[in-house]
Amino acid sequence: MESSANKTWDDFGAEKQDLIIKQVQKEFKIADSYLEPKKETWEKRLKLYNNQKRDQENVGHPLLFTIFNTVLANLYDDSIAGKFGPVEDGDYEACENLTSVAEYDRRLMEKDELDYYWTWDACFYGKGLVLLDKFDRKKMCPIPVSINPATFLRDPRAISINGDIEGNGSARFFGWESGMAKFEMEKKNVYFNLDSLLTSKEINDAIDKDREAKDNAANRQNEKNTEEEMTENYNYHILKWFTIIDGKKYYLELANDKNLVIRFQEYKDELWPIIERSIFPISRDFDGVSIPDLIEDKQRASAVLINLGLINAKASIYPMYLFNKNQIKNPKDLDFDFNKFVPVDGDVRTASVPLQKQEITNSVNFILNLIDLAAQKSVAAPEVSQGVQSRVNRTLGEIQRVEAAKNVRHSLSLKIFGWSEKKFWERWYWLYKKYFKNIDEKILRLEGPLGAISKKLTKDNLIPTADPDIYVESSYIIENKRNDEYQKFMALANMAMQDPQTNRKFVFRKLAKILGRKNSELTLMFPPTIDELLSEDENLVINQNKLPKVNSYDDDIIHVEIHNKATDNKAKFAHIEAHKKMMIFKKINQAMFANQQQQGIPNFKPVQGQQQQQPQQESGVVAEAGHGNNQEEL
C-alpha cells in the first residue's frame, strides 16, 4: 500500500491492539466459513479443467477446457482500449499525453499478462480481482497485482468491493492470504515485529489448500510439509486485511496464524484499491456466474456416457460366452490361442454362444449431442469458433450469421469488462496525480510517422487542469462504430463536396480522425496554415485573459475555429466576437478586400463591377470591438 498513515500500531495501547487482532480474527472466520463451500467446488473444478487426475483406464472429456478457452480466446483477443478526453479546452495536449503514457505503461505494467490472468479468473471463478495501489518510482508508473480469488475472503454482505455509486453494499472487510520470505519483508522497510515470526504452519491454510488443489489437478506430488525444513527462505504465510476500525479504514498484515501484526497503517483513500472484473454478473450479487457453473454438469454427464460407450466397445471385442459343460469338458480349452483346436462332444453350434447384452442405442448419441449443444449455447461457443468443422453442412451465409451472433453475445461480456477497464485507468490516473511530483520526468519512446521519437513529460503537461473523461471500449465495438461513422460521414461528405464553399481540408481531416490516425500523422498530411499557426500562438495570449490584435488579413473562420480551443474567459469571447464583426465588415466591403482571395481567405468572391481597393491594416471594426487596450487584463 502506498497510502500515507496517520496512526501507527504503537499509537494504540496494548488493550486496543488485542481488540483489533480479535476483530480481524472474527472477520476472517466469518468470511472463511461463508466461502468454504464455494472454494471446495473450485478445487473439484480444477480437476475437470486440467483433466489429468483421473483413472488411467477412463477417457477424460475436455468439454470444460474447450468451451472455456474458446470464450477466453475471443475475449482476450479483443483488447479493450482506453482514451483520455479533456473536460476543458486547454487540456487537449495533456490528455493526448495521458493517452500516450497509458499505451507506454501497458508494457511497463505487463498489462497483457495481467489481462490474461484477470480474464481467466473472471471466467473460472466468476470474478477477477486486481490490486492497484502502488506507484513504482523506478519504473515511474503504477504497478497492478492480480489477486488469487481462491485465497480471497470478503464481507458476506458486500455486493462489490466499493458498492454502488453511493457506496451502498461496499465491503466492510476483506483480504487474502499470501506468502513472503523474511528478506523480502526487510527489503520493503514497512514491516515490524519480524523477530517474532514463527515457522509453524497454520491449520486449514488457504494457500496450502489452493496449492494442493492445483497439484492434485496436475497429478503432481504435493510437498506442503517440506517447507518446515527451510530456514533462510522460509515462506511465511501472511494475511493481508482491509477493515474499518473506529469508523476509519485500515490496512493490516498479520502472521503467526493471525496473532502477530507486522504491518499497520491508516488507509485514507475514498475507495478501496481493488478492481473487480465479472463475465456474467448478477444484479446485487458479488460472485455472479462463471463458465464452470454452466459447463461442469455437462462435462460430468458426457464423460460418463463416453466411458460407458468405451466399455461397451471393449465388451463387443472381448464378449462373455455361455458354454455347455457337457460338451466342453475342460474350461481351459476356451482360453484363446492361435491355431488351436478345441474338442467338442456334440454339435459345435450349441457348444458355446455369446452372452446377450444391451447395445448402445441412438439415444446415447442424441444425448451427447444435446449436452454438447447446450454447452455451446450457454456461452456462445459454436463449433466453428472452436476451430472444428461443423457436423452439419452449412452454407457460408449460415456460418457468417452464427459468427455474427456469437460476436454479439461476446460483445456483452466485453462491454462488462469495459466497466473494470475504466475503473482501472481511473485509478491509474489517480496514482499519477497523487505520486507524480513536480520535479519528476517521464521519458516516452513513441513510434511517430517519421520513426521512433523520445518525448519528455512533466507534471505540467501530463496532469490536466480538470480530471479528464475516460473512454473505454473494446476494439471490436470501436471498429464497428468507426465503420458505421465513416460510412455516414462519407455519404455527407460526398454531398458537401458538391458545394465549392465546403472546407475540404476539414472534411479530409475528419475522415482521417474517424479512421483513427494520430495528430502527428495529420500534421504531416495536412500541414497547418499560417492562420492556424498564428491563432495557436494567440491562444497562449488569450489563456492569460489578454487580447491579441485582429488583423484584416486574418482568415477569420480558421481563427474562430482555433480560438474555440482556448480557455473560456472574457478575452476569448471578446476576440471571437471581433473576428465575427470583421467577417461582417468584409462581407459588406467585398471590393475593398478582393485581393485577399489569394491571401488565404477561403471562398472569398468580390462583387462584380466594383472597384477593388487595397485593404487597410486596421479597420474601424477592430477598434469598435474593444482592441484599443489589447494587452490589458480584463
Determine whether the range 148-161 contains at least one residue that is among the aromatic types (Phe, Trp, Tyr), in the same structural domain as ASP285 (by TED's automatic domain parsing) and not in a helix (DSSP H, G or I). yes
Since ILE311 meets every condition but one in (1) modelled with pLDDT under 80; (2) loosely packed, with under 14 Cβ neighbours inside 10 Å, which condition does it not meet? (1)
Quick check on the range 569-579. Is at least one of its residues of a type outside the set (D, E, K, R), modelled with pLDDT of 50 or more and assigned to a loop (DSSP other than H, G, I, E, B)? yes
Which condition from (1) part of a loop (DSSP other than H, G, I, E, B); (2) surrounded by 14 or more Cβ atoms within 10 Å (Cβ to Cβ) is the one that PHE135 breaks? (1)
Residue satisfying all of: in the range 265-278; closer than 14 Å to TRP241 by Cα and modelled with pLDDT under 95; nearest to the chain's Cα centre (by Cα) among these: TYR267
Of the residues in the range 558-568 that are surrounded by 15 or more Cβ atoms within 10 Å (Cβ to Cβ) and not charged (D, E, K, R), the one that is farthest from MET582 (Cα to Cα) is THR567
Please find, within the range 590-601, the residue that is modelled with the highest pLDDT out of those that are farther than 16 Å from ILE557 by Cβ and buried (at least 18 other Cβ atoms within 10 Å of the Cβ). MET592
Considering residues that are within 18 Å of THR119 (Cα to Cα), part of a loop (DSSP other than H, G, I, E, B) and either touching a Phe, Trp or Tyr at 6+ places or on another chain (Cβ under 7 Å) or acidic (Asp, Glu) (or both), the number found within the range 283-298 is 3
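The values are calculated or read from the model by the stated rules, or taken from the named source; none is laboratory data. Note that the structure is a prediction, hence the values are computed from the model and not measured. Positions of Cβ are generated from backbone atoms using ideal geometry, with glycine treated the same way; all protein chains shown enter the neighbour counts.
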